[in-house]
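The values are calculated or read from the model by the stated rules, or taken from the named source; none is laboratory data. Keep in mind that this is a model prediction, so the values were computed, not measured. Positions of Cβ are generated from backbone atoms using ideal geometry, with glycine treated the same way; all protein chains shown enter the neighbour counts.
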Amino acid sequence: MSTAVDVKTLIIDGMDVSARQDQTVLDVARENNIFIPTLCHLEGVADIGACRLCLVEVKGTPKLLSACTTKVYEGMEVTTDSERLRKYRRMTLELLFAERNHVCAVCVANGHCELQTLAYGQGMDHVRYDYCFPKWGMDLTHPFMGMDHNRCILCTRCVRVCWYIEGAGTKNTSGRGGGSMIITDLNQPWGDSETCTSCGKCLMSCPTGALFKKGSTAGESDRDRSMLEFIVNAREKKQWTV
Amino acid sequence: MDRLKVATVWLGGCSGCHMSFLDLDEFLIELAGKIDIVYSPIVDRKEYPEGVDLCLIEGAVCNEDNLEILRKIRARTKVLISFGDCAVTGNVPAIRNQLGADNATQVLQCAYIDNAQEHKCLPGREGIVPALLKRVRPVHEMVVVEHYLPGCPPPADRIRAVLTQVLEGLSPKLEGAQLKFG
Ligand code: SF4
Ligand code: SF4
Ligand code: SF4
Ligand code: FES
């Protein structure tokens, strides 16, 4: 037997909490029912700190740190809610809305969208930046799934589930900055992909209306993440013997 | 206190926000006791008056008429509220912006020529049919707006929440799901 797990104690929002040394600030906050907004984080796949929604203040550091990628340490003092954090979270959300074309009224994810829910949760009543109105298309070549680049926030949750849970490696990213996009294989129509197993995990992982099941209405588009959780749990707890 | 002078205006929207306003049901009667509707698609007044306290603006800014009246409204009104998603975000009317620089020409061509069954011609008459703007804009990109009332359309209880606060002399503030778009 190994020695006892190395336990760290830290303070989150004035509350003393203990954590395992391999945990992130986000893990510990969630365990203690402290809400930190997230978009690119998805239970079961590695965090990449892409969306910057989970920024927190850590005493002694002038920078804001992403809770999903910051490991705990002894004596750490974390603030998850402040005027400054609310300001940056709201800015980040507004920039996400301004960057692509989000028309909630006619979106398949309306009412089931993590971006939309976070926006109103953070008090976003309008977007202060000029909308870009870029021209992005859709990929409707797959027989029962579709990709609408207009709604994509480039969180790469789909890429990570496709690589690390399904192991297919179909979904990828290409380009830089505002021109970045999610592609299938080496940027070919989804329907032509030979690597895609049509498992639908990317669709289950997507926080917005970017990936959807063809022919389903907004009312039916509730994401079923229980399957993803089931697979990840089974793998981590070694419920499948090989 | 003087009765509040309230206006409502319908720019580039579907009138759904105004329908939702009518959906206030018996609250409308309470409102009628406290405010005067001085200009609105539902009252018969041709010219936007001076000295309006509050104006609810439905719709995005799509054409020259929208822009002209909006500027007049701003000059003659104390408090503007962007009323509904088209006013707040551009929403559906602004989808044409995605078509690029000549989007106005393209949508007219599509609606009045390519898909018309008969009388294929572009609508246009000097002084009657206003020209489309190059780009559809949310209201706050063109004039200063004090408050936002999102929703497509905003549900009646949301409109009521805002109006109640205004009538109580408060600066209206919506929170949480009351701010949901769509
Ligand atoms: S993806 Fe979400 S935020 Fe974007 S249009 Fe759809 S419902 Fe609205
Ligand atoms: S359906 Fe499965 S294999 Fe195909 S792109 Fe999505 S996650 Fe990858
Ligand atoms: S398609 Fe969905 S899951 Fe993939 S990057 Fe875009 S928003 Fe994220
Ligand atoms: S959830 Fe941490 S950066 Fe996206």
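So that you can scan it fast, the table gives a plain yes or no per residue for (1) touching a Ser or Thr at 6+ places or on another chain (Cβ under 7 Å); (2) among the aliphatic types (A, V, I, L, M):
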site: B:109; (1), (2): no, no
site: B:115; (1), (2): no, no
site: B:129; (1), (2): no, yes
site: B:142; (1), (2): no, yes
site: B:154; (1), (2): yes, no
site: B:165; (1), (2): no, no
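Can you name the residue in the stretch B:142-153 that is aliphatic (A, V, I, L, M) and surrounded by 16 or more Cβ atoms within 10 Å (Cβ to Cβ) and, of all such residues, is farthest from the other protein chains (Cβ to nearest Cβ)? Explain how you work it out, then say what you get.
Within the stretch B:142-153, the first condition is being aliphatic (A, V, I, L, M), and the residues that meet it are B:142-145, B:149.
Next, from what is left, pick out any that are surrounded by 16 or more Cβ atoms within 10 Å (Cβ to Cβ): B:142-143, B:145, B:149.
Details: B:142: 11, B:143: 13, B:145: 8, B:149: 8 Å.
Top of the filtered list is B:143.
Could you go through the stretch A:96-115 and let me know if any residue there is on the phi > 0 side of the Ramachandran plot and more than 14 Å from ligand 1 (Cβ to nearest atom).
The answer is no; no qualifying residue exists.
On the given criteria, is residue A:151 touching a His at 6+ places or on another chain (Cβ under 8 Å), more than 19 Å from residue A:41 (Cα to Cα) and within 16 Å of ligand 3 (Cβ to nearest atom)?
no
Among the residues of the stretch B:99-122, which ones are within 23 Å of the chain's Cα centre (by Cα) and over 25 Å from residue A:135 (Cα atoms)?
Of everything in the stretch B:99-122, nothing turns out to be within 23 Å of the chain's Cα centre (by Cα) and over 25 Å from residue A:135 (Cα atoms).
Given the conditions (1) within 16 Å of ligand 4 (Cβ to nearest atom); (2) closer than 23 Å to residue A:35 by Cα; (3) of a type in the set (Ser, Thr, Tyr), and given that residue A:120 satisfies all but one, which numbered condition is not satisfied?
Here residue A:120 clears every test but (1).
I'd like to check something: does the stretch A:207-228 contain any residue that is within 14 Å of another protein chain (Cβ to nearest Cβ) and within 16 Å of ligand 4 (Cβ to nearest atom)?
Filtering the stretch A:207-228 for residues within 14 Å of another protein chain (Cβ to nearest Cβ) gives A:208-209, A:217-219, A:221.
Then drop every residue that is not within 16 Å of ligand 4 (Cβ to nearest atom), which leaves A:208.
Checked against the condition, which is being within 14 Å of another protein chain (Cβ to nearest Cβ) and within 16 Å of ligand 4 (Cβ to nearest atom), the stretch A:207-228 yields at least one hit.
Go through the residues of the stretch A:61-81 one by one and say whether even a single one is free of Cβ contacts under 8 Å to residues at least 60 places away in the same chain and within 16 Å of ligand 1 (Cβ to nearest atom).
no
Restricting to the stretch A:200-214, give me the number of residues that are assigned to a loop (DSSP other than H, G, I, E, B) and either more than 8 Å from ligand 3 (Cβ to nearest atom) or modelled with pLDDT under 95 (or both).
Total meeting the criteria: 3.
Of all residues in the stretch A:28-57, how many are away from ligand 4 (no atom under 11 Å from the Cβ), in contact (Cβ under 8 Å) with a residue 24 or more places away in the chain and away from every other protein chain (no Cβ under 14 Å)?
Residues flagged as away from ligand 4 (no atom under 11 Å from the Cβ), in contact (Cβ under 8 Å) with a residue 24 or more places away in the chain and away from every other protein chain (no Cβ under 14 Å) within the stretch A:28-57 amount to 8.
In the stretch A:42-63, how many residues are out of contact with any Asp or Glu (no Cβ under 6 Å at 6 or more places or on another chain) and farther than 30 Å from residue A:169 by Cβ?
8
Yes/no per residue for (1) of a type in the set (Val, Ile, Thr); (2) touching a strand residue (DSSP E or B) at 6+ places or on another chain (Cβ under 8 Å); (3) buried (at least 20 other Cβ atoms within 10 Å of the Cβ); (4) closer than 24 Å to residue B:134 by Cβ:
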{"position": "B:2", "(1), (2), (3), (4)": "no, no, no, no"}
{"position": "B:15", "(1), (2), (3), (4)": "no, yes, no, no"}
{"position": "B:21", "(1), (2), (3), (4)": "no, yes, yes, no"}
{"position": "B:37", "(1), (2), (3), (4)": "yes, yes, no, no"}
{"position": "B:44", "(1), (2), (3), (4)": "no, no, no, no"}
{"position": "B:49", "(1), (2), (3), (4)": "no, yes, no, no"}
{"position": "B:58", "(1), (2), (3), (4)": "no, yes, yes, yes"}
{"position": "B:63", "(1), (2), (3), (4)": "no, yes, no, yes"}
{"position": "B:66", "(1), (2), (3), (4)": "no, yes, yes, yes"}
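May I ask you to list the residues in the stretch A:154-169 that are touching a helix residue (DSSP H, G or I) at 6+ places or on another chain (Cβ under 8 Å) and either over 27 Å from residue A:226 (Cβ atoms) or away from ligand 3 (no atom under 12 Å from the Cβ) (or both)?
Selection gives A:165, A:166, A:168, A:169.
Name the residues in the stretch B:154-176 that are more than 9 Å from every other protein chain (Cβ to nearest Cβ) and either of a type in the set (A, V, I, L, M) or crowded, with 17+ Cβ neighbours inside 10 Å (or both), would you?
Selection gives B:154, B:156, B:158, B:159, B:160, B:161, B:162, B:163, B:166, B:167, B:170, B:172.
Looking at the stretch A:35-67 only, could you name the residues that are surrounded by fewer than 19 Cβ atoms within 10 Å (Cβ to Cβ), more than 16 Å from ligand 3 (Cβ to nearest atom) and part of a loop (DSSP other than H, G, I, E, B)?
A:35, A:59, A:60, A:61, A:62, A:63
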